[in-house]
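Nothing in this text is a laboratory measurement; each read-out follows from the coordinates by a stated rule. Everything quoted here is computed from the prediction, not taken from an experiment. Positions of Cβ are backbone-derived with ideal geometry, glycine not excepted, and every protein chain shown enters the neighbour counts.
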Amino acid sequence: MSGNKCNGNSQVLSTRIGRLLRARELKKNNRNDGSSIPEIDVSRNSHVNVDQYPETAAQNFIDEWERPDGKPTKQRLLVVANRLPVSAVRRGEDSWSLEISAGGLVSALLGVTEFEARWIGWAGVNVPDEVGKKALTAALAEKKCIPVFLDEEIVHQYYNGYCNNILWPLFHYLGLPQEDRLATTRSFQSQFEAYQKANQMFADVVNNHYEEGDVVWCHDYHLMFLPKYLKEYNNKMKVGWFLHTPFPSSEIHRTLPSRSELLRAVLMADLVGFHTYDYARHFVSACTRILGLEGTPEGVEDQGRLTRVAAFPIGIDSERFMRALEMPGVQENIKELKERFCGRKVMLGVDRLDMIKGIPQKILAFEKFLEENPYWCDKVVLLQIAVPTRTDVPEYQKLTSQVHEIVGRINGKFGTLTAVPIHHLDRSLDFPALCALYAVTDVALVTSLRDGMNLVSYEFVACQDSKRGVLILSEFAGAAQSLGAGAILVNPWNITEVAAAIDQALNMPAEEREKRHRHNFEHVTTHTAQQWAEFFVSELNDTVIEAQQRIRKVPPPLEFNDAIGRYLQSNKRLLILGFNATLTEIVDTPGRRGDQIKEMELKLHPELRKPLASLCEDPNTIVVVLSGSERSVLDENFGDYKMWLAAENGMFLRSTEKGKEQWMTTMPEHLNMDWVDSVKHVLEYFTERTPRSHFERRETLLVWNYKYSDSEFGRLQARDMLQHLWTGPISNSSVDVVQGSRTVEVRAVGVTKGAAIDRILGEIVHSKAITTPIDFVMCVGHFFGKDEDVYTFFEPELPPDNLAFSRCKASEVAKRQAPPARPHPNADKKSASSRRASPENTCLNVLDLKKDNYFSVAVGRTRTNARYLLNNSDDVVSLLKELAEAAATYSSH
Ligand SMILES: O=P(O)(O)OC[C@H]1O[C@H](O[C@H]2O[C@H](CO)[C@@H](O)[C@H](O)[C@H]2O)[C@H](O)[C@@H](O)[C@@H]1O
Ligand SMILES: O=c1ccn([C@@H]2O[C@H](COP(=O)(O)OP(=O)(O)O)[C@@H](O)[C@H]2O)c(=O)[nH]1
């Protein structure tokens, strides 16, 4: 057993959590030793030999943390964000000055020092000329920044338009802009195209700078197509995507016309991160409800490929703020501010002037507080720093006027000749000035209507270790989840509640302030920006390793030429084909779940008629359609072909040949079906209560299908149904419950396609009186896990490579286990009795299979026992067309 080879540690390391825990432990130990954190060349993980996994590869992963080998040790991190951390200002034809940009993302990533980071983004200016571009590129290179040059039109359509007028409000629950003219709908389309184009431009720059082993970390709603474009360029690139805003409920996201394209593009990343579990949950549920994909506790799964989805709450570089407070300039500033506001309590708001920040609501709550507490009028001041942002977007222009109007009115109402209650600044402050302001504040007021995280609240806490001021924090900011215990949480839409919170904060006893501050300070200083980036990147590295492991377990795609070549060289072939999702047309189209009516009425793919007929006509090829469908469905679809039909998972069998058409049953004699009625009641009950679910009753099985129901509700209903079945009607019956991805099927015990094929073969062999052994078998289907025994039916006794093998398995087994086939009650008894297998006659050389002449092929499933894969029924169409054509050409020569 492999476990015996491992020590306890490496067993733990074979799991993701195990590896990440170990890495954490090592880092912690190193920090406690006083030694510096070993720098990691995690880039070498991309060369981990996955064949050795899990015994050694997990250990290698950790070893690299333990034993850096002297090579360049920091992993290269390409941070790709719309905005560079610096904004460029042109000073001359070829000279530029760079200023640090304001905003949470920039502040957070400035704190990341663990990696050899390059930043790729837009410098915030239009540079039309080559001289300017060259000079700016050189200036930025010194700051390890790489520019993406976007022209004015693209910026207008992509940044002001699609990003800030559509995605930003939507992700913050402000809805889509109301379109009142067709022209605006057209501009929506052109903005979406510009968005894709801009994302492609970012991808081109990343591709030009990418080196093997780099981690590419894409940021925010501006770059949702970037993971897709990067993976199209190089599928091996490690790509993570992080959203800094909330991800809204799927009910909001589904209103967006390009909802599916955006989700699918993001899902191409290896790891998708959000600030909070809620946002991650909403994303997963958008993928399940809108795309119909499978949500798992790990993330989102699509055809065996997992995109890991998790929460990584951002932090700040708290020490940078604390150090700043020691600087003489800042101390001086603090002193001045204290003198200036002496005798008044200072309340502070620091926000970009954005509708999501709830600035009007904040000011109105302050007005209400003053109205209700005239005593405070000359004893408190609200300093509101409103940093101008996205000033080209009309909604932001409207907001600026609205806020000015409210501030003017309130200052007019409560101001005196010497003092006003609100100091409103339409500009940003530099870092030292901001730190000083945080330090002198008594109450910070964050009233965001929605906010991904809100770093201002963290920064305030970091600067308050001597003052222990109070934080009033909106419950709709991501930060409420981490600082909720220490802050006073408010609903910013409830002006009365916010006014009461101001009152509570201004009158809070020192002891309570101390307790609340301690709690928040502890959090802010231990959950830093640096840690945030480390966690994200380690998880990304690990996700890639895990994905390699998964891929290793996924069978390869079927090589058509190989299968066709073997087919042509063989003398007698057996083709076993499933029906549903194998020989039917695809009903799911990208971005939309299929058509329920179409799917309920199974129809042979029209393009299969010709190739199937031609294959069936070949006297050396036996075609069997083996399906869960009932007999009438198979009759209708395949009655005119020369083949064998095995309905209800092989419980009924017939040949379509003239004179032999009657169905016979291969059902084991004493199959107990007493449970059917009570199970039917249960399925009916759940169908009535689960919109868009349906159930089918066949003779030997019952199926409940909830593919088209709400996926979460469907899953809950299925869970309840199973619980009820197990404890109720089937608790003492011999039945199997088979769970599909969105179905529950109840069958008599032992009814599987693999069990049936045994008896079917006996029948076929007998009826055909085969003289030539079958030397080619291909079994193609989209089968439940339980029915996959049909693939393995031929496997266990396969000979070692290249050794011919003769056996009489079908007839032998028929002799040992299976009762002779019985006629169906309606069948012609005479012909049925003559259909009994005669093992003695058919034993010789029934199967003469070399390993290379056996092809088990799973369609649209990657977790399978089959040897090969096909993606969907379109692939089956191509395969059978090519096979039929090749066979026709071969036989004509
Ligand atoms: O670059 P701008 O368009 O001027 O906007 C500035 C940034 O605003 C957003 O910040 C978000 O990120 C913060 C850090 O994760 C988070 O605390 C805050 O809640 C978010 O609103 C935006 O997501 C960034 O891309 C912008 O750069
Ligand atoms: O005059 C200012 C006002 C704010 N900020 C910074 O802007 C960021 C705002 O981040 P937050 O997460 O609160 O909101 P965002 O603006 O990203 O939505 C914080 O790091 C502030 O320090 C700044 O640099 N100068």
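At a glance:
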item: Mean Cβ count within 10 Å, highest first, over the residues of peptides 699-708, 352-361, 617-626; result: 352-361, 699-708, 617-626
item: Amide H partners (placed H, <5 Å) of residue 774, local residues excluded; result: 847, 848
item: Over 25 Å (Cα to Cα) - which of 236/850; 572/642; 368/515; 362/398; 603/642 fall in this group; result: 236/850; 368/515
item: Sequence of 889, 864 once ranked by neighbouring C-beta atoms within 10 Å, starting from the fewest; result: 889, 864
item: D (Stokes-Einstein, µm²/s), Kirkwood Cα radius, segment 372-430, 1.567 mPa s at 4 °C; result: 101
item: ³J(HN,Hα) computed for each position of segment 414-430 - Karplus, 6.51 cos²θ - 1.76 cosθ + 1.60, integer Hz, glycine/proline x; result: 10, x, 10, 4, 9, 8, 10, x, 10, 9, 10, 10, 8, 6, 9, 10, 7
item: Among 787-793, 224-230, 430-436, the order from most to least packed when residues are scored by Cβ within 10 Å on average; result: 224-230, 787-793, 430-436
item: Long-range HN-HN contacts of residue 380 with modeled amide H, under 5 Å; result: 345
item: Cα shape, segment 183-272, gyration tensor, a/c 1.5 rule; result: oblate
item: Derived scalar couplings ³J(HN,Hα) [segment 548-559; Karplus, 6.51 cos²θ - 1.76 cosθ + 1.60; whole Hz; x for Gly, Pro]; result: 4, 4, 4, 4, 4, 7, 8, x, x, x, 5, 8
item: Exposure proxy ranking, count of Cβ atoms within 10 Å, fewest first, for 424, 519; result: 519, 424
item: Spherically averaged projected area in nm², based on the convex hull that wraps the Cα atoms of segment 506-622; result: 16.5
item: Karplus (6.51, -1.76, 1.60) ³J(HN,Hα), θ = phi - 60°, over segment 617-628, in Hz, Gly and Pro reported as x; result: 6, 5, x, 8, 10, 9, 10, 10, 9, 10, 9, x
item: Residues whose placed amide H lies under 5 Å from that of residue 348, excluding near-sequence neighbours; result: 383, 443, 444, 445
item: Prolate/oblate/rounded label for segment 429-528 (Cα gyration tensor, a/c 1.5); result: rounded
item: Order of 294, 212, 763 - criterion: other Cβ atoms within 10 Å of each residue's Cβ, fewest first; result: 212, 294, 763
item: Longest to shortest principal axis, alpha-carbon extents of segment 262-420, angstrom; result: 71, 39, 33
